[in-house]
Amino acid sequence: MSAVLQVNGLSKEFGAIQAVDNVSFELQKGELLALIGPNGAGKSTCFNMLMGQLKSSGGTVRLNGKDLKGLKPRQIWRLGVGRTFQITGTYASMTVIENVQMALISHHRKIYTLLPRAHLMYRDEALALLDLVGMADQSERHCAVLAYGDLKRLELAIALAHEPTLLLMDEPTAGMAPAERIALMQLTADIVESRGVSVLFTEHDMDVVFAHAHRVMVLNRGQLIANGSVDEIRNDERVREVYLGGGTLFKHDGESANA
Ligand code: ADP
Ligand code: MG
């Protein structure tokens with residue numbers, strides 16, 4: 001089986017700081033892969049290199065076998081790497097459905113402002129995407145009035161408008177209440193399943209990670225110290241050391257005294 005994403009020896013220095021240190025991993029089609037690690041571990045730096053926002057100091061990134069070296073963020077996006085939850089992801093003055101239509105128009109390489117009948121284009125497709133994320137009933141509302149969790153779901157629909165093969169989600173649930181976090185990741189897991197999209201995500205809440213990820217990688221001081229199933233990561237000595245004192249990773253440890 002060939003991997004959607006192949007990362008080999010990826011590295012990045014900021015002056016004396018080795019933010020990402022020789023990281024290698026693969027991501028398969030339809031896989032929901034979590035990248036976890038303490039603050040400053042290098043997660044965002046990894047994401048920024050994968051989407052071309054940051055130039056790596058070394059290593060290679062291949063998408064469906066194609067080397068992404070030297071490509072600009074927009075070119076990488078065109079190749080099917082989507083991202084969610086950018087701050088500027090939606091336009092507040094537009095309605096929910098208009099935001100998705102605009103994404104669809106852009107995906108089909110048309111220019112929104114030059115289209116007199118833009119508001120009629122891709123309406124059905126936009127509604128289908130909103131339905132997928134549970135936002136169809138809010139399609140005519142303005143984004144400015146949306147609740148935070150709804151905005152996040154809309155941003156997911158917008159990302160999907162570009163039919164990505166790989167979705168990068170850096171802390172998608174930041175700022176959300178626990179129940180909303182679970183719901184958003186459940187939705188993401190459903191979409192991974194139904195569309196065969198591959199997702200790489202970071203997340204602080206270990207309950208969310210362990211409930212939804214197919215596989216978990218742990219980054220510490222730029223180095224990948226573990227890569228395995230949820231159970232393997234839970235029981236990994238080095239991972240436990242890294243999180244010692246954090247108290248969030250193994251919330252339910254006490255439940256099985258013999259484990
Ligand atoms: P994480 O997302 O895991 O919290 P980051 O990738 O944001 O970690 O940061 C990794 C390390 O790189 C940290 O020590 C951080 O201070 C440093 N760093 C990140 N971005 C920059 C930058 N643009 N310039 C200098 N140092 C940076
Ligand atoms: Mg980060």
message = Any residue at all in region 140-151 that's modelled with pLDDT of 95 or more and open to solvent by 40 Å² or more (accessible area, probe 1.4 Å)?
response = yes
key: Within region 124-243, helices (runs of 4 or more DSSP H) holding 2 or more residues that are of a type in the set (Gly, Ala, Ser)   = 148-161, 178-195
task = Of all residues in region 48-68, count the ones that are within 10 Å of ligand 1 (Cβ to nearest atom) and closer than 21 Å to residue 195 by Cβ.
result = 0
Meets criteria (crowded, with 23+ Cβ neighbours inside 10 Å, more than 23 Å from residue 101 (Cβ to Cβ) and not hydroxyl-bearing (Ser, Thr, Tyr)) for residue 199 = yes
ask   = residue 190 passes all but one of (1) in contact with a His (Cβ under 8 Å, 6 or more places away or on another chain); (2) charged (D, E, K, R); (3) more than 16 Å from ligand 1 (Cβ to nearest atom); which number fails?
value = (1)
ask   = Among the candidates 221, 153, 123, which residue alone is outside the structural domain of residue 26 (by TED's automatic domain parsing), more than 14 Å from the chain's Cα centre (by Cα) and not hydrophobic (A, V, I, L, M, F, W, C)?
value = 123
Meets criteria (of a type outside the set (Phe, Trp, Tyr) and either assigned to a helix (DSSP H, G or I) or over 19 Å from residue 20 (Cα atoms) (or both)) for residue 74 = yes
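The values are calculated or read from the model by the stated rules, or taken from the named source; none is laboratory data. Because the structure is a prediction, the values reported are computed rather than measured. Note: ideal-geometry Cβ built from the backbone for every residue, glycine included; neighbour counts use all protein chains shown. Note: accessible area is taken over every heavy atom of the protein model, side chains too, but ligands, DNA and RNA are not part of it. Shrake-Rupley method; radii C 1.70, N 1.55, O 1.52, S 1.80 Å.
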